[in-house]
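Everything below concerns the one structure shown next.
We did not get these values from a lab; they are worked out from the coordinates using the rules stated. The model shown is predicted, which means the values in this text are computed figures rather than measured ones. Here the Cβ positions follow ideal geometry from the backbone for every residue, glycine too, while neighbour counts run over all protein chains shown.
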Amino acid sequence: MIKKINNLISYYSHDMKLKNKLLISHLILIVTPILIITALFYNQLFHLIITNTKESELSVARETVTNIENTVGSIRDISNQIVKDKTFIKLTGNPNLQMNNTEYKELLSFTHNVLSAVDGTTITDIKIYLDSSYSKYFDDATLLKSGLYKPIDDIKNSYWHGIFSSTNSKAIFSPTLYLTGTEKRVSGQLSFIRKITDENNQEVAFVAVYFNKGYINSLLKKHTNLPESAKYIINERDAIVGYSNNSLVGEYLVYYDDIPPIVPDTNKFETKYFSSRSCYISYQEIAGTNWIMITVIPVNSIWSDNKTIIIEFLIAYILILAFAFVVSISLSNSIVRRISNVINIMRSVKTGKPTPLEHPPEYDEIGDLIETYNYMVGEINDLSEEQIKNAKELRTAEFKALQSQINPHFLYNTLDMINWLAKKGLNEEVSNAVQTLSKFYKMTLRKGNIVVTIEEEIEHVSLYIQLQNMRYNNQIHFTVDIPDNILEYTIPKIIFQPVVENSIQHGILGKESKEGNIVITGWLEGETLVFLISDDGIGIPEETLDELLTGNVKSTTGSGVAIVNIHHRLQLFYDKEFGLSYHSVLGEYTEVEIRIPALKKNDVQL
């Protein structure tokens, strides 16, 4: 190191051109004091602004959480009042109870009192879902007109009912994702649902208090003032409950279990990077729920909010630097300028394709340098184009080879099912199965299409689910929650189907009931498409997750080659940063995240 410093001093003292030496000397003498003063002032200003902003935002976050806790508390109180009401207890205690006129009037009064809690602003609807043994209540004309009583069969395909069926939960706050289409359309987008059981712990009723997601969003938005900042609420299953800005949630999304390690203290902000953007992140637990509210503030937004001070400081700093540069550069001559031009063009090779220089009429040393550089650029560009062409052909060939590795066992199983249906004389079912299988393989084996739209990929996996439900008596409940605005984007074909097949074969069919839910969600996260395929199957052991994408997993039902194939295909077609990742809780669920670039058909080059 000392030797290098001595060489640098020797070069500056003896070998450097006089004009360059004067330029550097003046810049050092003028700029160094300015930089030292500026650094000291900037550091103090930065610390003061950041500290005040963090304290203010933590105070606002606590106020927001208090408002939300008051809201969900009032919703829980309404639910408590319903289930503790003596009429409700009598109603659910004996399905064969023969009510006299007085008891019937009490039931009508109870119904009226419950529905009076619906204010249309916070509480949007209340439903009591009853077992089929209580059909006389929701078949009664007067009670039917009230809309309060519904059969449990109406919501048995809902995600939240699946949670109650597979866990010991007695009450849950359901986000939009858990609700059926009818619930979201008619009742509301959020709900607090309480399970009522009999003395044998068998479900007899569910009390659902639906409330306004827009109201929760308005509370979050009201207390989010800094530009590009966001507040959002997620539950323990990583479902989005509410948000201040829908477009920013995907960019700032952090999973529930990942939050405590990132933010150990709820009274502090911690630093986290989102797509190379430095942000401050904090979270607050919402009492009485399994929700947490996450606050994300980009560092740049703090400066933007205090831009007046910053701009005045920068203007003064820029003016001083400009004066220093003018004084220093005035000592340079045309030779320095010509050499600088050559150096700047040559440096551009670091960030892009090299470009030739215009050949000057001079034939001095600089002219010879430019001529030699232009010759070198021509040779490099020719070699680069040839390499890109070869790599492109290799990638396409490898991708097609990987894509052709489709396991035919699904075809054999489906043909066996069709054969069984034919032997049973179920001609209509045979026809439907053949048509569905034909359409499925027509989409699978379609030539000339390495990529398809998201909409076509969803249709392909839906056909697969239909065929599987023919085999397993409609035990697979399939839900797609993908915004229309990303359906036109593209994806390499046959990506979702093997993942869904894995969820069925290794997850749902491993359950004792052989029944389960598969949910596909998707969103746009900056320039990246993110899809989440989740199932409520038996889950995957932690030791297996680490090996799942390596091809080393062995099981009685398969080796996981299809999943590894998908992961390698995506990385080969796009880049190593894309592909699959797994998250699972044994005995509860499995989630597969698929990340690919957001490209449309015209953007894809093969």
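Arranged from fewest to most other beta-carbon atoms within 10 Å of their beta carbon, Lys231, Lys3, Lys221 become Lys3, Lys221, Lys231. Each of Asn52 and Leu115 was given a label point 7 Å from its Cα along the Cα-to-Cβ line. The distance between the two points is 5.5 nm. Segment 496-547 and segment 243-318 have their alpha-carbon centroids 30 Å apart. Since only Ser275, Thr180, Pro151 are under comparison, the one whose Cα sits farthest along the positive direction of the charge dipole of segment 1-306, derived from C-beta charges on Lys, Arg, Asp and Glu, is Ser275. Taking a straight line from the alpha carbon of Lys54, these aspartates and glutamates sit under 15 Å away, with near neighbours fewer than eight places off in the same chain left out: Glu63, Asp265, Glu270, Asp305. With each label modelled as a point 7 angstrom along the Cα→C-beta vector, the Glu543-Gln571 pair spans 2.4 nm. Packing, as the average of other Cβ atoms within 10 Å across residues, places the peptides 494-502, 146-154, 64-72 in the order 494-502, 64-72, 146-154, highest first.
Taking 0.36 nm per residue of separation and subtracting the current Cα-Cα distance, fully stretching the chain between Asn200 and Phe325 would add 36.4 nm. Close amide H pairs (under 5 Å, H built 1.01 Å from N) link Gly510 with Ile538, residues at least 5 positions away or on another chain.
Near the amide H of Val254, within less than 5 Å, lie no amide hydrogens of residues on another chain or at least 5 residues away, with H placed in the peptide plane. Decide, for segment 1-306, between rounded, prolate and oblate: order the square roots of the alpha carbon gyration tensor eigenvalues as a ≥ b ≥ c, take rounded if a/c falls under 1.5, and otherwise choose prolate if a/b is larger than b/c, else oblate. Prolate shape, in that a/c is at least 1.5 and a/b is the bigger ratio. Counting every other Cβ atom within 10 Å of each residue's Cβ, Asp382, Asp536, Asp484, Asp198 order from fewest to most as Asp484, Asp382, Asp198, Asp536. A Förster distance of 51 Å, applied to the separation of the beta-carbon atoms of Ser513 and Thr271, puts the FRET efficiency at 0.65.
In this structure, the amide hydrogen of Ile126, modeled 1.01 Å from its nitrogen in the peptide plane, lies closer than 5 angstrom to those of Tyr210, counting only residues at least 5 positions away or on a different chain. Ranked by how many other Cβ atoms sit within 10 Å of their own Cβ, fewest first, the residues Trp291, Trp303, Trp523 fall in the order Trp303, Trp523, Trp291. Among rounded, prolate and oblate, which fits segment 58-119 when a ≥ b ≥ c are the square roots of the eigenvalues of its C-alpha gyration tensor, a/c under 1.5 means rounded, and a/b larger than b/c means prolate? Taking the square roots of the gyration eigenvalues as a ≥ b ≥ c, segment 58-119 is prolate.
Using the Cα gyration tensor of segment 96-181, with a ≥ b ≥ c the square roots of its eigenvalues, what is the shape: rounded (a/c below 1.5), prolate (a/b larger than b/c) or oblate (neither)? Oblate is the answer for segment 96-181, as a/c is 1.5 or above yet b/c matches or exceeds a/b. Listed values for segment 140-153 are Karplus-derived 3J(HN,Hα) couplings in whole Hz (6.51 cos²θ - 1.76 cosθ + 1.60, θ = phi - 60°), namely 4, 4, 5, 5, 4, 5, 5, x, 7, 9, 9, x, 4, 4, and x replaces Gly and Pro. With a threshold of 24 Å on the Cα-Cα distance, the over-threshold entries among Lys105/Lys136; Lys156/Lys195; Lys184/Lys511 are Lys184/Lys511.
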